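Heads up, the thing below is written out as structure tokens.
Please treat every number below as a calculation from the coordinates, not as lab data. Computed from a predicted structure; not experimentally measured. Heads up, the Cβs are rebuilt from the backbone with ideal geometry, glycines too, and the neighbour counts pull from every protein chain shown.
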């Protein structure tokens, strides 16, 4: 049998090696573990390429995207990290098609900015060109939070809103993929961040989408996720077989610091 390495498959599929590793681990590619490395049989790869990738949730994503592209502050809750990445691509692509003159702000918490750039490049858009003319800014929010705390994060979001207006863009589309423990595991700072972003989104027309991974290994995940939803206008839940979209019609006063 003729086996290919991850690097060779990445070249064939015109993808990043990290993506191929994930596809191997998730069983998307017909790969086998030989020692510490993944190997993909050439014949099986050819069959995979002819058949195409397993069915994706593109139709579902498109429906949720159309709802979440309206002006407001939205929260998306996902059960799989891969779905967050796929959804963000669908969201970014739809937003770009709907309003090419928008300013796009990508806030990275668990993603490295360079990984986000590679991911967006798969849309066949010129990320370097967009960044060069100020139409796209990718910020390392985990680093900003580490150095400057909640105030630093909110100042960056305020800067993005001002940048959009100052440079004559027709609107702002912001995204931020977070983890429930992204603020050093402390819940109250996360609520402050989301509440601050909500106020910024109400100051001028913009669309902001915050995506969260439903990590059931995190402590008190359900009450904490619920509290975060109250910092948004609407939220949706995407699992392997369920999609729910809901509107937040009330809020709570948060007094407990964690």
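A P(r) calculated from all alpha carbon pairs of the chain, with 10 Å bins opening at zero, reads 6, 28, 34, 21, 9, 2, 0 percent.
Legend: calculated FRET efficiency, residue 81 to residue 247, from the Cβ-Cβ distance at R0 = 25 Å, rounded to 0.05, equals 0.45.
Can you give the convex hull volume of the alpha carbon atoms of region 91-230 per residue, in Å³? Before the final figure, lay out the partial values.
Values: hull volume 15.7 nm³, N = 140.
Enclosed volume per residue, from the Cα hull, is 112 Å³.
Helices in the chain, meaning DSSP H runs of at least 4 residues, each add -39500 (n - 2.57). Divided by all residues, the mean residue ellipticity at 222 nm is -15000 deg cm²/dmol.
Based on every Cα atom in region 3-51, Rg and the maximum pairwise Cα distance Dmax equal 9.6, 28 Å.
Only bridges whose two residues both fall in the chain count here: according to DSSP, what percent of them are antiparallel, nearest 5? Show your work: numbers first, answer last.
Values: 12 of 41 bridges.
Restricted to the chain, the bridges split so that about 30 percent are antiparallel.
Compared with the dominant principal axis of the Cα atoms in the chain, helix 187-203 is inclined by about 70°. Over all pairs of different C-alpha atoms, region 20-156 has a mean inverse distance whose reciprocal, the Kirkwood radius, equals 17.5 Å. So how tilted is helix 58-68 from the main axis of the chain? Cα-based, degrees 0 to 90, rounded to 10. The angle comes out near 10 degrees.
Note on the chain: with a GNM built from Cα contacts shorter than 10 Å, the maximum mean-square fluctuation among 177, 31, 95 falls on 31.
In this rough spin-label picture, where each label sits 7 Å from Cα along the Cβ direction, the residue 166-residue 7 distance is 4.4 nm. Spatially, region 12-41 and region 205-234 are offset by 31 Å when compared through their Cα centroids.
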